[in-house]
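Below you'll find the structure, written out as structure tokens, and then a few comments.
The values are calculated or read from the model by the stated rules, or taken from the named source; none is laboratory data. On a predicted model such as this, the values are computed, not experimentally measured, just so you know. Every residue, glycine as well, gets a Cβ built from its backbone with ideal geometry; the counts of neighbours run over all protein chains shown. Accessible surface is based on the protein model in full, side chains and every heavy atom, while ligands, DNA and RNA are left aside. Shrake-Rupley method; radii C 1.70, N 1.55, O 1.52, S 1.80 Å.
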Amino acid sequence: YLAAKQKNSWSKTQLLNFCLPAFSYCHPCLSADGKTLFFASAPHDGFGGMDLYCSVFENNQWSNPINLGSKVNTNANEVFPFLSPSRLLYFSSDNKSGYGGLDIYCYDFSDTLHAQKYLLEAPLNSAYDDFGVYVDSTGRSGYISSNRNQKNEDDIFYFYNKYPYFNHCTPFVQPSNCFTFFEESTELSDDTLGLTYEWSFGDGTKAKGLE
């Protein structure tokens with residue numbers, strides 16, 4: 001449903017135009033510009049369980065929902081979408097590749113052609129249900145809901161990234177050094193005995209000569 005705030009009250013709620021009575025639509029999330037709506041639903045064209053969809057506001061109404069596809073959705077439940085200001089799509093899934101229960105994944109919605117979803121590491125995820133993520137504008141802190149207190153109750157947890165971000169770094173290059181060795185005593189004595197000198201470098205390689 002949609003309601004508009006008018007001073008200190010709300011307008012009458014309106015059912016969004018694409019909603020069908022046979023299906024559930026839940027966990028709505030708007031993009032920062034308010035023009036894209038993400039939500040979870042389980043209509044007949046999905047991959048199984050709840051899937052994530054998006055709808056675009058155009059011509060003064062919401063477009064028919066588009067399934068976010070197999071890069072995001074599985075035959076399990078994908079729920080609780082959240083789009084960060086940097087267009088990273090966070091959501092929860094109970095597929096079997098996670099830590100257990102609902103786990104939080106991330107997908108770069110600004111590069112849908114190349115992006116792949118990835119599972120967030122512990123301690124953001126746990127063996128319990130982790131969902132309802134919110135990330136602030138810095139991308140370094142936010143909130144999640146979880147029942148990890150093992151009392152079957154959902155609590156809100158604050159998190160932050162204590163590690164700095166490094167951008168535009170120069171890749172590390174393994175040093176490559178070149179050394180020249182001389183057999184000095186032989187050079188100074190002007191050896192005429194016709195001896196052959198062999199260097200062994202300790203790594204299985206050898207070289208012959210005074211240098």
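Quick rundown of the values:
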{"item": "Boolean, L20 is without any contact (Cβ under 8 Å) to a residue 40 or more places away in the chain and part of a loop (DSSP other than H, G, I, E, B)", "result": "yes"}
{"item": "Subset of the range 71-90 (residues that are touching a strand residue (DSSP E or B) at 6+ places or on another chain (Cβ under 6 Å) and either in contact (Cβ under 8 Å) with a residue 40 or more places away in the chain or open to solvent by 10 Å² or more (accessible area, probe 1.4 Å) (or both))", "result": "V72, A76, V79, F80, P81, F82, L83, S84, L88, L89, Y90"}
{"item": "The range 145-181, residues that are open to solvent by 100 Å² or more (accessible area, probe 1.4 Å), among the polar types (S, T, N, Q) and modelled with pLDDT under 85", "result": "Q150, N152, N167"}
{"item": "Unmet requirement for L210, which otherwise passes all of (1) more than 25 Å from K71 (Cβ to Cβ); (2) modelled with pLDDT of 85 or more; (3) in contact with a Ser or Thr (Cβ under 8 Å, 6 or more places away or on another chain); (4) not aromatic (F, W, Y)", "result": "(2)"}
{"item": "Identity of the residue in the range 112-144, assigned to a strand (DSSP E or B) and touching a residue at least 24 places away in the same chain (Cβ under 8 Å), that ends up surrounded by the most Cβ atoms within 10 Å (Cβ to Cβ)", "result": "D130"}
